[in-house]
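A short worksheet on the structure shown next.
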Amino acid sequence: MHQDIKEILFTAEQIQARVDQLGAEISRDYANREILLCGILKGAVTFFVDLARRIDGAVQFDFMSCSSYGDGVTSTGNIVIRKDLDTDVAGKDILIVEDIIDTGITLHHLVKHLQERGAHSVKLATLLSKPSRRQVDVHVDYNGFDIPDAFVVGYGLDYAGNYRNLPYIGILKEAVYTK
Ligand code: 5GP
């Protein structure tokens with residue numbers, strides 16, 4: 001285990017088993033419909049590529065980048081789109097793929113944004129959710145795991161750009177971000 005990690009919440013094996021289940025569920029729900037998988041850079045990339053390979057049927061990829069956190073560990077509440085989708089979403093069935101839902105502010109904003117552009121449907125898949133932290137009501141269609149109110153890294157999730165490559169998801173030691 002990395003020295004900055006306090007506790008491992010989900011091992012690589014546990015994550016893969018859950019991603020398998022989510023992929024099977026999504027494949028059933030979207031049978032005979034093409035999905036525009038919309039990954040939120042950068043944290044969701046690892047989950048995105050694993051999930052995409054577990055979906056049967058027609059899938060297209062696109063990516064967006066937005067920020068609300070900077071290098072800190074609490075949301076600023078101000079969402080800025082840094083990179084928009086390349087695809088015209090009108091009439092498409094969009095599945096947003098996110099790493100984690102905390103306050104819900106980011107996804108609330110993104111869902112509204114895509115609906116306003118005329119998507120046929122907009123659903124959400126997140127690997128992690130912190131239900132106790134929710135400030136805005138967001139409907140989550142596919143959720144990997146509920147987690148407690150702790151700052152986690154690994155499997156794509158970072159702190160100040162680091163730890164994304166850890167194969168597991170772990171709680172970061174407070175000392176790392178309070179020093
Ligand atoms: P929300 O708008 O729901 O509060 O925030 C969602 C975004 O906050 C996520 O995409 C992620 O970038 C960041 N975030 C929230 N909680 C955590 C966490 O525990 N660890 C990391 N690395 N990022 C988090």
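The values are calculated or read from the model by the stated rules, or taken from the named source; none is laboratory data. Please read these numbers as outputs of a predicted model, since none were measured by experiment. All Cβ positions, glycine included, derive from the backbone under ideal geometry; neighbour counts span all protein chains shown.
Could you check segment 76-107 and list, in sequence order, the residues that are part of a loop (DSSP other than H, G, I, E, B) and without any contact (Cβ under 8 Å) to a residue 40 or more places away in the chain?
At the first step, the residues of segment 76-107 found to be part of a loop (DSSP other than H, G, I, E, B) are 76-79, 84-92, 102-104.
Hits for segment 76-107 are Thr76, Gly77, Asn78, Ile79, Asp84, Asp86, Asp88, Ala90, Gly91, Asp102, Thr103, Gly104.
Tell me, which residue of segment 31-55 that is of a type in the set (A, V, I, L, M, F, W, C) and part of a loop (DSSP other than H, G, I, E, B) is nearest to Val153 (Cα to Cα)?
Residues of segment 31-55 of a type in the set (A, V, I, L, M, F, W, C): 31, 35-38, 40-41, 44-45, 47-49, 51-52, 55.
Then drop every residue that is not part of a loop (DSSP other than H, G, I, E, B), which leaves 31, 44, 55.
Details: Ala31: 33, Ala44: 12, Ile55: 25 Å.
Out of the qualifying residues, it is Ala44.
If I filter segment 122-135 down to residues being of a type in the set (S, T, N, Q) and buried (at least 16 other Cβ atoms within 10 Å of the Cβ), which single residue comes out as farthest from Leu95 (Cα to Cα)? Reasoning before the result, please.
Here is the first cut: in segment 122-135, the residues of a type in the set (S, T, N, Q) are 126, 129, 132, 135.
Remaining after also requiring buried (at least 16 other Cβ atoms within 10 Å of the Cβ): 126, 129.
Working: Thr126: 10, Ser129: 16 Å.
Per the criteria, the residue is Ser129.
Return the total of residues in segment 108-138 being in a loop (DSSP other than H, G, I, E, B) and within 9 Å of the ligand (Cβ to nearest atom).
5
Specify the residue that is farthest from His120 (Cα to Cα); the eligible residues are those in segment 35-67 that are touching an Asp or Glu at 6+ places or on another chain (Cβ under 7 Å) and charged (D, E, K, R).
Ranking the qualifying residues of segment 35-67, first place goes to Arg54.
Going by the structure shown, is Asp99 among the acidic types (Asp, Glu) and touching a Gly at 6+ places or on another chain (Cβ under 6 Å)?
Yes; evaluated as a whole, the condition is true for this residue.
Only residues that are in a loop (DSSP other than H, G, I, E, B) and either in contact with a helix residue (DSSP H, G or I) (Cβ under 9 Å, 6 or more places away or on another chain) or of a type in the set (Asp, Glu) (or both): list them for segment 148-162, please.
Initial filter on segment 148-162 (in a loop (DSSP other than H, G, I, E, B)): 148-151, 155-156, 158, 160-161.
Scanning segment 148-162 gives Pro148, Asp149, Phe151, Tyr155, Gly156, Asp158, Ala160.
Can you tell which of Asp137, Asp102, Asp56 is closer than 27 Å to Asn32 by Cα, acidic (Asp, Glu) and modelled with pLDDT of 90 or more?
On the way: Asp137 fails: closer than 27 Å to Asn32 by Cα; Asp102 fails: closer than 27 Å to Asn32 by Cα.
From the options Asp137, Asp102, Asp56, the qualifying one is Asp56.
Is there any pair with a first residue in segment 47-64 that is touching a residue at least 40 places away in the same chain (Cβ under 8 Å) and a second that is polar (S, T, N, Q) whose Cβ atoms are under 9 Å apart and which are 6 or more apart or on different chains, and what are they?
Phe47/Thr126
For residues in segment 12-34 being of a type in the set (Gly, Ala, Ser) and in contact with a Lys or Arg (Cβ under 9 Å, 6 or more places away or on another chain), which is nearest to Ala125 (Cα to Cα)?
Taking segment 12-34 and keeping what is of a type in the set (Gly, Ala, Ser), we get 12, 17, 23-24, 27, 31.
With the extra rule that they be in contact with a Lys or Arg (Cβ under 9 Å, 6 or more places away or on another chain), the set shrinks to 23-24, 27.
Working: Gly23: 10, Ala24: 13, Ser27: 13 Å.
Among those that are of a type in the set (Gly, Ala, Ser) and in contact with a Lys or Arg (Cβ under 9 Å, 6 or more places away or on another chain), it is Gly23.
Does Leu166 fit the bill of being more than 8 Å from the ligand (Cβ to nearest atom) and either in a loop (DSSP other than H, G, I, E, B) or over 20 Å from Leu51 (Cα atoms) (or both)? Steps first, answer last, please.
Values: more than 8 Å from the ligand (Cβ to nearest atom): yes; either in a loop (DSSP other than H, G, I, E, B) or over 20 Å from Leu51 (Cα atoms) (or both): yes.
When the stated conditions are applied, Leu166 passes them.
Of everything in segment 146-162 that's crowded, with 16+ Cβ neighbours inside 10 Å and more than 8 Å from the ligand (Cβ to nearest atom), which residue is nearest to the chain's Cα centre (by Cα)? First the steps, then the outcome.
First, pick out the residues of segment 146-162 that are crowded, with 16+ Cβ neighbours inside 10 Å: 147, 151-159.
Retained after the next criterion (residues that are more than 8 Å from the ligand (Cβ to nearest atom)): 154-156.
Numbers: Gly154: 12, Tyr155: 11, Gly156: 9 Å.
That would be Gly156.
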